[in-house]
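Please read the structure below before turning to the comments.
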Amino acid sequence: MWFLQAYLVDSLEQARDSLSGNTGDKNIDAIYIDDKAKQVHIIQGKFRQSESKKEKRNDVLYFADLCNLPWKRKSEIDSFYAKLDPLVGSKLNGGIKRIKNNRYELQLYFVTTGKCSATIKDEAKEKVRNSNGVSDIHIIDYERVLLIFKNYLDDITPHVPTLKLRIVPDGAIANEGVIRRFDPEKKIESWIFTVRGNDV
């Protein structure tokens with residue numbers, strides 16, 4: 001619930017409503033559907049007593065495989081729903097319908113207070129990259145969790161979400177494409193480019 005409030009949603013009530021947290025949730029700890037951004041967020045959380053605890057490859061890849069669930073055959077989806085907690089099943093079904101019928105993006109979050117190796121992260125990202133729909137996976141381990149917690153204490157919540165804007169190569173104002181600037185002292189990177197107003 002803390003991660004949801006610190007990273008994704010605007011209120012404690014939204015965070016609470018997104019939780020599953022029951023037995024039979026098949027490692028889906030929360031589902032948050034953002035109709036404004038047209039995104040379905042699925043979260044799995046792992047609370048480890050030590051940051052040196054390493055996440056298992058199979059656990060991460062099993063979660064990453066959810067990117068293919070909306071596009072599987074009905075028999076495979078029915079098999080996944082078998083013995084699934086009804087609350088989780090209902091939320092997941094609503095998310096899948098939006099992904100298939102309304103072209104919502106699927107955003108997966110594997111959040112752990114342990115560690116995840118770069119090899120496992122790359123493998124999970126590659127699996128999600130090759131899915132049929134528009135989806136992404138965010139593997140957030142110990143160091144990143146600490147940074148989110150620091151921002152949370154500084155009241156920088158929720159995290160600014162990722163949105164995709166189409167860069168317009170031509171328009172009423174002539175431009176030379178994307179202008180990039182980087183401040184080496186503050187490590188801040190910025191761009192200037194043209195987009196359509198209705199996309200914004």
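Read-outs throughout are calculated quantities, based only on the coordinates presented, and are distinct from any laboratory measurement. All of these numbers come straight from a predicted model, not from anything done at the bench. As a convention, Cβ positions derive from the backbone with ideal geometry for all residues, glycine included, and neighbour counts pool all protein chains shown.
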> Please state the relative contact order of the chain as a whole percent: Cα pairs under 8 Å, 6+ residues apart?
Replying inline: 23
> Between ASN132 and LEU87, what is the label-to-label distance in nm when each label sits 7 Å out along the Cα-to-Cβ direction?
Replying inline: 3.0
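For the pair ASP65 and SER117, what calculated FRET efficiency results from E = 1/(1 + (r/R0)^6), where r is the Cβ-Cβ distance and R0 = 25 Å, to the nearest 0.05? Numbers along the way, then the final one.
Values: r = 18 Å, r/R0 = 0.73.
So, using R0 = 25 Å, E works out to roughly 0.85.
For ARG16 and ILE167, what does the FRET efficiency come to when R0 = 35 Å and r is the distance between their Cβ atoms, rounded to the nearest 0.05?
Details: r = 38 Å, r/R0 = 1.09.
The calculated FRET efficiency here is 0.35.
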> If the viscosity is 1.306 mPa s and the temperature 10 °C, what Stokes-Einstein diffusion coefficient in µm²/s follows for the chain when Rh is the Kirkwood radius over Cα pairs?
Replying inline: 85
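Give LYS53/LYS83; LYS164/LYS187; LYS53/LYS125 a once-over and call out the pairs whose C-alpha atoms are over 25 Å from each other.
Values: LYS53/LYS83 30 Å; LYS164/LYS187 23 Å; LYS53/LYS125 21 Å.
Table pairs above 25 Å Cα-Cα are LYS53/LYS83.
Pull out the extension gain between ASN58 and VAL195, defined as 0.36 nm times the separation in residues minus the alpha carbon to alpha carbon distance; nm, one decimal.
Details: separation 137, 0.36 × 137 = 49.32 nm, distance 4.09 nm.
Additional length available on full extension: 45.2 nm.
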>> Using a Cα-Cα cut-off of under 22 Å, which lysines could be cross-linked to LYS186, ignoring same-chain neighbours fewer than 8 residues away?
In response: LYS150
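Sorted by mean Cβ packing within 10 Å, highest first, what order do the peptides 38-48, 134-144 take? It would help to have the intermediate numbers written out before the result.
Working: 38-48: 20.2, 134-144: 18.2.
The peptides rank, most packed first, as 38-48, 134-144.
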>> Under the rule of at least 5 residues apart or a separate chain, name every residue whose amide H is placed under 5 Å from the amide H of HIS138.
In response: LEU108, TYR109, PHE110
> Amide H neighbours of LYS53 under 5 Å, counting only residues 5+ apart in sequence or on other chains, H built in-plane at 1.01 Å?
Replying inline: LYS115
> Which ³J(HN,Hα) values in Hz, rounded to whole numbers, follow from the phi angles of the range 120-129 under the Karplus curve 6.51 cos²θ - 1.76 cosθ + 1.60, where θ = phi - 60° and Gly and Pro get x?
Replying inline: 5, 4, 5, 5, 5, 5, 5, 4, 5, 4
